[in-house]
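Here's the structure we're looking at; comments come further down.
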Amino acid sequence: MKEIINMMRTMKMMVMLLAALTALPVMAQSENALKNVSVGELSYTIKEEPKTKVGTVVSAVLDVMSDQQTTEQPGYVDAVRASVIAALGQVRRFVVTDGLQVEPNSETNIILDGVVNYLSTTRQLRLASNKKDKIPQFYAQISLTLNVKNATTGTVINSQVFEVNRTGWSWYNSADTAIKEALEGLRSKVVRFYNTVYPYTANILERGMEKKDKQKELYIDLGSSHGLQKGVHFAVYVIGSIGGKETRKQIGRLKVTSIEGDEVSLCKVVSGGKDIKAALDAEQKMLILSTD
């Protein structure tokens with residue numbers, strides 16, 4: 001009996017794989033191709049010291065009176081680049097090829113470079129916990145423009161400014177610590193942005209387990225060949241139209257629980273099971289995008 005069940009499961013998976021390879025549009029698969037990312041340099045021009053003017057002198061005096069001083073930190077440019085590379089390595093559809101030569105391909109190979117707009121720390125004397133003494137504390141500011149380019153033509157595909165500043169950050173006891181914390185904030189922003197710009201787009205291959213009026217599992221047409229991993233979440237949308245314009249309404253979320261093959265994965269419905277089943281029953285047009 002066990003052998004028969006295993007045989008039936010194998011036949012079911014073969015049918016699903018055949019459907020994924022023959023029935024789905026080629027475009028749907030190319031949209032999910034992994035991107036080989038070669039990281040170029042991050043240029044940084046140190047700001048020249050301003051010429052002494054009355055306004056400059058007044059500003060300097062005010063800085064001294066407030067016990068505040070801002071210092072450029074060009075020595076951390078390599079750390080910024082390392083943080084960007086680490087972030088790109090966490091983007092789901094990116095494969096970082098830093099330092100490696102790859103064959104030019106307009107669809108799968110891209111170059112990423114950019115400009116450090118500013119990189120500095122601000123030191124200020126602040127009251128200690130005893131409310132009597134003043135101690136030096138720091139926060140960091142980083143602004144970075146990253147450009148995604150076609151590896152073959154050099155055409156800019158996307159350009160985005162990432163900024164980390166004092167807003168939302170605590171004060172730290174050293175400039176080095178402040179920079180490290182700002183770099184962590186930068187890493188998070190880069191990962192979140194490119195995961196949004198380059199999401200996985202999935203199609204439903206087959207329904208999985210159902211319970212009463214709720215969908216509990218779904219099979220999708222993404223797998224190991226796309227670099228998909230367990231734990232990735234997807235948002236499920238119903239596609240509609242208003243006045244000739246396409247609309248999207250999120251009705252649920254999925255979580256990848258098992259990679260079943262090159263182009264097949266099993267997902268658990270973590271929310272919206274009732275709405276998802278109703279949409280499937282009504283054969284509504286749906287869109288499934290990866291999300292954080």
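Of note:
- So GLN284, is it over 25 Å from the mean Cα position of the chain (by Cα) and in contact (Cβ under 8 Å) with a residue 24 or more places away in the chain: yes
- Each residue in segment 138-170 was checked for being loosely packed, with under 15 Cβ neighbours inside 10 Å and hydrophobic (A, V, I, L, M, F, W, C), and 3 pass.
- All of ASN195, ASN203, ASN165, ASN130 fail the test of being under 21 Å from ILE110 (Cα atoms) and either polar (S, T, N, Q) or modelled with pLDDT of 95 or more (or both), apart from ASN195.
- Check on LEU205, in contact with a helix residue (DSSP H, G or I) (Cβ under 6 Å, 6 or more places away or on another chain) and either outside the structural domain of ASP281 (by TED's automatic domain parsing) or under 19 Å from SER83 (Cα atoms) (or both): no
- Selection from segment 276-292 of residues that are surrounded by fewer than 18 Cβ atoms within 10 Å (Cβ to Cβ) and either out of contact with any strand residue (DSSP E or B) (no Cβ under 9 Å at 6 or more places or on another chain) or not in a strand (DSSP E or B) (or both): ALA278, LEU280, ASP281, ALA282, GLU283, GLN284, LYS285, ASP292
- Residue match in segment 191-207 (condition: without any contact (Cβ under 8 Å) to a residue 40 or more places away in the chain and crowded, with 18+ Cβ neighbours inside 10 Å): no
- Residue list for segment 218-247, restricted to those being part of a strand (DSSP E or B) and either within 15 Å of SER290 (Cβ to Cβ) or in contact with a Ser or Thr (Cβ under 8 Å, 6 or more places away or on another chain) (or both): LEU218, TYR219, ILE220, HIS233, PHE234, ALA235, VAL236, TYR237, ILE239, GLY240, SER241, THR247
- Flag if PHE138 is modelled with pLDDT of 85 or more, among the aromatic types (Phe, Trp, Tyr) and within 16 Å of the chain's Cα centre (by Cα): no
- Residues being over 12 Å from ALA202 (Cβ atoms), surrounded by 15 or more Cβ atoms within 10 Å (Cβ to Cβ) and touching a residue at least 24 places away in the same chain (Cβ under 8 Å) - total across segment 232-254: 4
The values are calculated or read from the model by the stated rules, or taken from the named source; none is laboratory data. What you see is a predicted model; the values in this text were computed from it and never measured. For neighbour counting, all protein chains shown are included, and Cβ atoms are generated from backbone atoms with ideal geometry for every residue, glycine included.
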